[in-house]
Amino acid sequence: MTERIAELAAGYDRSAAFPAESLRIAHEAGLLTATIGERYGGRGEGVEETARILHSLGRLDPSVALIAAMTLTTHARQADRPHWPEDLYGRVVKESFTRPVLINHARVEPELGSPARGGLPATRARRTADGWAVSGTKRFVTGAEGLDWFLVWASTDEPEPRVGTFLVPGDSPGIEITGRWDQLGLRASGSHDVTFREVEVPYEHVIGIGPHGPAAEQDNRAGAALHLPLAALYLGVARAAQEFFHHFAHTRVPANLGHPVARTERFRRTAGEIEVLLAAAEQLVFGGAARLDAGDIAYSPEQALGARVLADRHGVRAVESAVRLLGNPALARGNPLERHFRDIQCAPVHAPQEDVCLLAIGTKALNP
């Protein structure tokens, strides 16, 4: 059933429309609710299974995978460490089993950039008689057009500002898409700019509120349970590119050669390089995810960051190798490899970016 997502991917890429049909298919396959905790009636899948789901969806349509990733990781965090108001989360779960309910954080800002690099959000939560009024603009809010819940990171207007995540229903008055996502890759991810204008939030619908400082900045960085599934997502893109490369190699028969180019040493050598790159990266990602699920305390966050860095490098290099060998046909509009090449460029751009990862890894290495 999910192969239909791959059939729809090219059309969504061309139109940059919200991939509602593909997400419906993913929901019906149980993929959007896989990480809901057992205590809430879900399967409670761990990091490895999340990575495998996103790897598969990344091969089919990485825009759909990225939207799904945000919802899956939100449920996974709640299953691991409950922090939502119980009644509210119970309602979200109940609805999630009947239709696609999409959730995502709204954190990046025009002036601040990625919270992974530190700083206080400019988005403000003003105290009101009944709760909070949230105002500000967020960037790169994946799936914005279809989100049922925005998890808005904001600071309070108190004399000593606190920071927290404000749970905003997607149909709340005062929410507007103010900047359209028009990027090279992941065009259907709908990672638009969203402006919140005095959006009302009940007092109790805030999570993790507290002073801004080292602890808050640490919380701003996605944990290993997010790094590895995202790495798997982009490796799925690279596997899709590999599939097309193999198809081309077996069906391309130049007149002067008289047999498929798959039989030439040049193609076989490149096929081998691509397979080595992707297989090694998948071992790092899925192996690390399994260690996280097993509670292996020897597996550090820095190791997960390292797996993310290498997976992104390997995925980009694998797709580039295929493109270089195929030449002009690889970059032709309508050729799946052209789309995969564009999509894989998003891997090293996705936060936390390589320099942030390497800084954390190097700091740990120099200060054991």
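The values are calculated or read from the model by the stated rules, or taken from the named source; none is laboratory data. Remember, predicted model here, so these are calculated numbers, not experimental data. Every residue, glycine as well, gets a Cβ built from its backbone with ideal geometry; the counts of neighbours run over all protein chains shown.
Can you name the residue in the range 247-260 that is in a helix (DSSP H, G or I) and free of Cβ contacts under 8 Å to residues at least 12 places away in the same chain and, of all such residues, is farthest from R313 (Cα to Cα)?
In this case the residue turns out to be T251.
Quickly run through the range 143-167 and pick out the residues that are of a type outside the set (S, T, Y) and farther than 26 Å from F18 by Cα. Break it down into steps so the answer makes sense when it comes.
Within the range 143-167, the first condition is being of a type outside the set (S, T, Y), and the residues that meet it are 143-154, 157-164, 166-167.
Matches in the range 143-167: A154, D157, E158, P159, E160, P161, R162, V163, G164.
Working carefully through the options E217, E243, find the one that is acidic (D, E), farther than 20 Å from P352 by Cβ and either assigned by TED's automatic domain parsing to the domain that holds A318 or modelled with pLDDT under 95 (or both). Lay out the reasoning, then the answer.
On the way: E217 fails: farther than 20 Å from P352 by Cβ.
That would be E243, the only listed residue that is acidic (D, E), farther than 20 Å from P352 by Cβ and either assigned by TED's automatic domain parsing to the domain that holds A318 or modelled with pLDDT under 95 (or both).
Within the range 178-196, which residues are buried (at least 17 other Cβ atoms within 10 Å of the Cβ) and assigned to a loop (DSSP other than H, G, I, E, B)?
Of everything in the range 178-196, those that are buried (at least 17 other Cβ atoms within 10 Å of the Cβ) and assigned to a loop (DSSP other than H, G, I, E, B) turn out to be W181, G185, L186, G190, S191.
Can you find even one residue in the range 163-177 that is under 23 Å from the mean Cα position of the chain (by Cα), closer than 18 Å to V64 by Cβ and outside any loop (DSSP other than H, G, I, E, B)?
no
Within the range 23-31, is even one residue part of a helix (DSSP H, G or I) and within 16 Å of the chain's Cα centre (by Cα)?
Taking every residue of the range 23-31 in turn, at least one turns out to be part of a helix (DSSP H, G or I) and within 16 Å of the chain's Cα centre (by Cα).
Might you let me know whether the range 137-150 holds any residue that is more than 26 Å from Y12 (Cβ to Cβ), in contact with a Lys or Arg (Cβ under 9 Å, 6 or more places away or on another chain) and modelled with pLDDT of 95 or more?
Scanning the range 137-150 turns up no residue that is more than 26 Å from Y12 (Cβ to Cβ), in contact with a Lys or Arg (Cβ under 9 Å, 6 or more places away or on another chain) and modelled with pLDDT of 95 or more.
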